[in-house]
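Student: This is the structure I want to talk about, given as structure tokens.
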Amino acid sequence: MRRFFILAFLSALALPAGITFTGCTSNPAGDYCNGTGQGLKVTDLASLTLGPATTGISLAYGQISQSQTPVAKTCTGDSAAVRSYTYAVTNYGLIDLSPSGGLCAGTWNRNSPGDIPDYTICTPTTQYGVTYLTASAQGITSNPVPIYVHPPITSVKLVAPTQCLSQYVPSTASNPNGCFGPTSSLDVIAYQGNSALCAPLTCSICNPGCTITPSSSGQDCSNVLGTVNYASSNTSVATIDQYGTITALQPGTTSITTTISQTSSVAGYFSTCPPASISVQTITGGTSGVVSKGTPLAITTTVTDTNTFPLTGLSLTYVTTNPEDFGVSASGISASFPGSASISALCLPPTCNPAPTNYIGQFGTGLPVVSNPVQVTSPGTSSTYLVMGSSKSQSIVPIDLTNGLVGSTAKLPYIPNSMLVDQTGSNIYFGSERELMIMSFATLTIGKEDISAPGKVLAVSPDNSKLVISNTNELINNQQVTENLLYIYNTSSGIVASYSGVGYRAAFTPDNTTVYIVGNDGTPAATPTLFVYNTFNGWSTYNLTAVGGGSDLALTVPSEGAYITGTDTSARGYCPSLAAGNPPTVLSYYPQADLKSYASDHIAATQDGKHILTVANSTNRLSDLSVTIPTGTCPQNANSSSSGLVFNSTLLGQLGIGVTPATANCSAAGCMNVIASPASNLAFITYSPSSSATAGALLPYYIPSSASATMGTMGSVTLSGGATAPISGVFSPDQTLFFTGTSGDNLVHFINVNTLTETQTINPKLVDNSGNSVPVEFLGVKPRVSNQ
């Protein structure tokens, strides 16, 4: 009976046929990777990736490391949760493992006595070879990672390259294997002590001359060490991927660091080929041109490397010898005022073609490369602001030639011993025994006084950022103190570098990075010395005793070297002299580049780069040196000594000046000076009057010959009134006038440079503190747009 009731109850619960439910459903098969309801679920671990999969691990005997944590993924690519991993290697004679994946190139300590933790001490193995590491979890095993076990390495060296690689090499029939770059594989030799542990078995195609010293094991380093990790210290020169393939980018040399067995060291150096030539031309293809204001003149720059392949993307420095009138960039030349200038493009380390100090000269890297000069003119005339001063007066007198009126006198805090106008026409710099005084040219007001930098201002950099000051006698509490210090002064922040010595004359290169200073070493012996300060390399000094001292210097064009006066007229080049070797050794950064056996006291260079003009107090003669400054790359060391660039010059001749200047006290300050026109077609000679000088003094001039092998002509302008000597001078910015301050009448005379005649005089009325009239010793000019 009981069974009957149960059956009846179940029958009542049965559903009629054809009735269905709608709403929530489930699809168990969708939780599985294959969609069939079997196998791995989408949340299960599906794969393990263990790194470093491509490069592997390199361990020396007894070294300890830690395996990487595997990347665990599900079949959908999501991260999978894994509690722990089990690690294994194929050869436990090379690598021992801790439960957490600790690697020991030998045998771990286990069950050590005392309180020594297990798996903390690795007893080195004595076998080398390769074993493979895997990690597993939940039945899934990772990819194998090679572990290279080898003896300890004491040093690693790159196989020395026999050449640089070019930035870009087109595929040609003559270069089927790309032997010049731009990519190559690096090879290393590993040493244990003095013995090679391993070395590459073959040489790279781009190192056809290399030889490999066989290792004692005869093993290729790629089999013993595994993948070597490389790094370039200068990634603008070259980059390296994880496989040791290096790519040449910009000219220069970079050090290469290798990391093997957790140890990094500099293994060698790599060079991207430097420029061999830089060619600058106007858009019409010439090396001269006319630039109109408001209409820039386009230029093109073509650079080829030492393998004769093109170079692009270089950090070239474009410079002008007249930054006030002309601006220049890679795209072209612009003019602000009428005038003349020489334009050049420079590849200057360390911004272009850099090299570590100990590798300067390697394949020509670390050396400057200079383009040909381009001569430009801007037509027309401009008016002039002229300022006048004296070392005997605190007054500065301006004149605006637009209206011809002498302006109001400006008063300086102290009597100046020097005055210079920067090439941008912004400031006037006055030196004194008490302080440096900086005056705005526009307002003739003092903007800065600096008592920390007394002395004579010898030079202003073209960008108006730096000064050279020679501090010999400083007034402290009205007591004269001898200092004999040279200062490099930043116009914004103050003194940035100093050196013991006395300076007579100085000149900055147009790129603002280097300044040449002639003087003496500041000792009682007063040894004649050339000082060179470079922003990146600091100070260099050179004894000038052998060439009879030096009271003046002039920069060459291209303006990276300097000619120096003395009993012999000599020159210093911008290319260092290199001793034989690989890499070469720098013997001198600014070696002698020229020597002529004639005396000179003052010197000027024409901006066309063709003439060095000198005058000598002892002979009253002017000398014309026809010179050609080589351009392009510096001479490279080829397993023999290199003395740097040699300036090609010929002494065209000497002419008498036709005047009798003073001869006393002419050693450093000089009794004569030669001033060359920026147009390179004229030079005037100023001088101090002799004791017998009378009114009607002569202003000598020299006109260089248009024929390169011919001496020019000498003449003179008779100065009016009571002038006894032209003691100072400056050309107007548009080169139409020459202004000269004269002794005797204490006036300023205007000379028309086209007719070589005097046109007018002005009286600046400079006086000393006693009210006595004094001559104009300092002249500064600035262009102004003419309203006429």
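Student: Determine whether residue 559 is surrounded by 24 or more Cβ atoms within 10 Å (Cβ to Cβ) and at pLDDT below 90. Before you say what the answer is, go through the steps one by one.
Tutor: Numbers: surrounded by 24 or more Cβ atoms within 10 Å (Cβ to Cβ): yes; at pLDDT below 90: yes.
Yes: the conditions hold for residue 559.
Student: Can you confirm whether residue 398 is more than 22 Å from residue 451 (Cβ to Cβ) and free of Cβ contacts under 8 Å to residues at least 60 places away in the same chain?
Tutor: Yes, satisfied.
This table checks each residue for (1) within 20 Å of residue 487 (Cβ to Cβ); (2) at pLDDT 95 or above; (3) in contact with an Asp or Glu (Cβ under 7 Å, 6 or more places away or on another chain); (4) not charged (D, E, K, R).
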residue	(1), (2), (3), (4)
403	no, no, no, yes
425	no, no, yes, yes
433	yes, no, yes, no
439	yes, yes, no, yes
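Student: Look at residue 697 and say whether it is without any contact (Cβ under 8 Å) to a residue 40 or more places away in the chain, surrounded by 23 or more Cβ atoms within 10 Å (Cβ to Cβ) and closer than 28 Å to residue 415 by Cβ. Walk me through how you get there before you give the answer.
Tutor: Details: without any contact (Cβ under 8 Å) to a residue 40 or more places away in the chain: no; surrounded by 23 or more Cβ atoms within 10 Å (Cβ to Cβ): yes; closer than 28 Å to residue 415 by Cβ: yes.
When the stated conditions are applied, residue 697 does not pass them.
Student: Which one of these is touching a residue at least 24 places away in the same chain (Cβ under 8 Å), of a type in the set (Phe, Trp, Tyr) and more than 24 Å from residue 655 (Cα to Cα): 738, 750, 778? Break it down stepwise before answering.
Tutor: On the way: 738 fails: more than 24 Å from residue 655 (Cα to Cα); 750 fails: touching a residue at least 24 places away in the same chain (Cβ under 8 Å).
So the residue among 738, 750, 778 that is touching a residue at least 24 places away in the same chain (Cβ under 8 Å), of a type in the set (Phe, Trp, Tyr) and more than 24 Å from residue 655 (Cα to Cα) is 778.
Student: For the stretch 743-773, which residues satisfy the criterion of being of a type in the set (A, V, I, L, M), buried (at least 19 other Cβ atoms within 10 Å of the Cβ) and over 45 Å from the mean Cα position of the chain (by Cα)?
Tutor: Answer for the stretch 743-773, where residues must be of a type in the set (A, V, I, L, M), buried (at least 19 other Cβ atoms within 10 Å of the Cβ) and over 45 Å from the mean Cα position of the chain (by Cα): 747, 762.
Student: Tell me, yes or no, whether the stretch 453-475 has at least one residue that is of a type in the set (Lys, Arg), over 29 Å from the mean Cα position of the chain (by Cα) and not assigned by TED's automatic domain parsing to the domain that holds residue 327.
Tutor: no
Student: Next question. Where in the stretch 279-364 are the strands (runs of 3 or more DSSP E), entirely inside, with at least 2 residues that are within 18 Å of the chain's Cα centre (by Cα), farther than 23 Å from residue 577 by Cα and among the hydroxyl-bearing types (Ser, Thr, Tyr)? Give the derivation first.
Tutor: Values: elements: 288-290, 297-305, 317-320, 326-328, 332-335, 339-347.
Ranges flagged: 317-320.
Student: Please state which of the following conditions residue 136 fails to meet, knowing it meets all the rest: (1) within 54 Å of the chain's Cα centre (by Cα); (2) at pLDDT 95 or above.
Tutor: (1)
Student: Looking at the stretch 559-575, I want the residues that are in the same structural domain as residue 509 (by TED's automatic domain parsing) and have a partner that is modelled with pLDDT under 95 and of a type in the set (Ser, Thr, Tyr) with Cβ atoms under 8 Å, at least 6 apart or on another chain. Which pairs are those?
Tutor: Pairs found: none.
Student: Just to be sure, is residue 87 at positive phi, surrounded by 12 or more Cβ atoms within 10 Å (Cβ to Cβ) and out of contact with any helix residue (DSSP H, G or I) (no Cβ under 7 Å at 6 or more places or on another chain)? Even if it seems obvious, please write down each step before you answer.
Tutor: On the way: at positive phi: no; surrounded by 12 or more Cβ atoms within 10 Å (Cβ to Cβ): yes; out of contact with any helix residue (DSSP H, G or I) (no Cβ under 7 Å at 6 or more places or on another chain): yes.
So residue 87 fails the test.
Student: Something else: Among the strands (runs of 3 or more DSSP E) confined wholly to the stretch 569-633, which include 1 or more residues that are among the small types (Gly, Ala, Ser), surrounded by fewer than 19 Cβ atoms within 10 Å (Cβ to Cβ) and at pLDDT below 95?
Tutor: On the way: elements: 569-572, 577-579, 585-588, 592-596, 602-605, 611-616, 621-628.
Those strands (runs of 3 or more DSSP E) span 577-579, 585-588.
Student: Answer yes or no as to whether residue 780 is of a type in the set (Gly, Ala, Ser) and closer than 23 Å to residue 681 by Cα. Quick ask: steps written out before the conclusion?
Tutor: Working: of a type in the set (Gly, Ala, Ser): yes; closer than 23 Å to residue 681 by Cα: yes.
Here the answer is yes, as residue 780 does meet what is asked.
Student: If you don't mind, another one. Please go through the stretch 473-490 and pick out each residue that is β-branched (Val, Ile, Thr) and over 18 Å from residue 538 (Cα atoms).
Tutor: Just the residues of the stretch 473-490 that are β-branched (Val, Ile, Thr), to begin with: 476, 481-482, 488.
Scanning the stretch 473-490 gives 476, 481, 482.
Student: Of (1) over 30 Å from residue 377 (Cα atoms); (2) touching a Ser or Thr at 6+ places or on another chain (Cβ under 8 Å), residue 764 satisfies all except one. Which?
Tutor: Just one mismatch for residue 764, condition (2).
Student: Kindly check whether there is at least one residue in the stretch 533-540 that is among the small types (Gly, Ala, Ser) and surrounded by 23 or more Cβ atoms within 10 Å (Cβ to Cβ). Explain how you work it out, then say what you get.
Tutor: To start, the set of residues in the stretch 533-540 that are among the small types (Gly, Ala, Ser) comprises 538, 540.
Adding the requirement that they be surrounded by 23 or more Cβ atoms within 10 Å (Cβ to Cβ) leaves none.
Checked the stretch 533-540: no residue is among the small types (Gly, Ala, Ser) and surrounded by 23 or more Cβ atoms within 10 Å (Cβ to Cβ).
Student: Could I ask something else about it? Could you list all residues from the stretch 455-498 that are within 17 Å of residue 533 (Cβ to Cβ), surrounded by fewer than 20 Cβ atoms within 10 Å (Cβ to Cβ) and among the hydroxyl-bearing types (Ser, Thr, Tyr)?
Tutor: Passing the criteria: 465, 493, 498.
Student: On the given criteria, is residue 383 in contact (Cβ under 8 Å) with a residue 24 or more places away in the chain, touching a strand residue (DSSP E or B) at 6+ places or on another chain (Cβ under 8 Å), of a type outside the set (A, V, I, L, M) and not assigned by TED's automatic domain parsing to the domain that holds residue 279? It would help to see each step written out before you state the result.
Tutor: On the way: in contact (Cβ under 8 Å) with a residue 24 or more places away in the chain: yes; touching a strand residue (DSSP E or B) at 6+ places or on another chain (Cβ under 8 Å): yes; of a type outside the set (A, V, I, L, M): yes; not assigned by TED's automatic domain parsing to the domain that holds residue 279: yes.
The answer is yes for residue 383.
Student: Go through (1) touching a Leu at 6+ places or on another chain (Cβ under 6 Å); (2) in a strand (DSSP E or B); (3) farther than 22 Å from residue 317 by Cβ for residue 386 and report which single condition fails.
Tutor: Answer for residue 386: the failing condition is (1).
Student: Say we look at the stretch 79-120 and pick out the residues that are in a strand (DSSP E or B) and aliphatic (A, V, I, L, M); which of these is nearest to residue 60 (Cα to Cα)? Write out each step before concluding.
Tutor: Taking the stretch 79-120 and keeping what is in a strand (DSSP E or B), we get 79, 86-89, 96-97, 102-104, 106-108.
Cutting the leftovers down to aliphatic (A, V, I, L, M) gives us 88-89, 97, 103.
On the way: 88: 19, 89: 17, 97: 15, 103: 11 Å.
Restricting to residues being in a strand (DSSP E or B) and aliphatic (A, V, I, L, M), the top hit is 103.
The values are calculated or read from the model by the stated rules, or taken from the named source; none is laboratory data. Nothing here was measured: the structure is a model prediction, and the numbers come from that model. Because the Cβ atoms are built from the backbone with ideal geometry, glycine has one as well, and the counts that use them run over all protein chains shown.
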